[in-house]
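First up is the structure itself, then whatever we jot down about it.
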Amino acid sequence: MIRINPNKLYLSKWTAVTPKNKEKHFIVVKLVKDENEAIVQCILESVFSKRQFILDWQDLKQEAHWLMGWK
């Protein structure tokens, strides 16, 4: 499991282990917070296609799916 500091998640770079539609590299462009200001989700944007999707930020800890940085 990757250790992530949620306060440093904004604008962080990620690599998908199994790319789909040539989308391999992503940037966290927005953080979604709950009423207690705790981060619950993040919005990732593909560098290749600029497509965005919402992901539970805890899912980024799964090394089988995501690698920190651009590899």
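The values are calculated or read from the model by the stated rules, or taken from the named source; none is laboratory data. It should be emphasised that the depicted structure is a prediction, and the values quoted were computed from it without experimental measurement. Glycine gets a Cβ as well: all are built from the backbone with ideal geometry, and neighbour counts include every protein chain shown. Accessible surface is based on the protein model in full, side chains and every heavy atom, while ligands, DNA and RNA are left aside. Shrake-Rupley method; radii C 1.70, N 1.55, O 1.52, S 1.80 Å.
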Please tell me if Glu37 is without any contact (Cβ under 8 Å) to a residue 24 or more places away in the chain and at positive phi. yes
Restricting attention to the stretch 18-27, report how many residues are farther than 19 Å from Met1 by Cα and β-branched (Val, Ile, Thr). 1
Filter the stretch 32-65 for residues that are under 14 Å from the mean Cα position of the chain (by Cα) and basic (Lys, Arg); which is nearest to Lys8 (Cα to Cα)? Lys61
Inside the stretch 34-71, can you point out the residues that are assigned to a strand (DSSP E or B), open to solvent by 70 Å² or more (accessible area, probe 1.4 Å) and within 15 Å of Asn5 (Cβ to Cβ)? Met68
Are there any pairs with C-beta distances below 7 angstrom linking a residue in the stretch 45-66 that is more than 15 Å from His25 (Cα to Cα) to a residue that is part of a helix (DSSP H, G or I) and open to solvent by less than 50 Å² (accessible area, probe 1.4 Å), with the two at least 6 apart or on different chains, and if so which? Trp57/Pro6
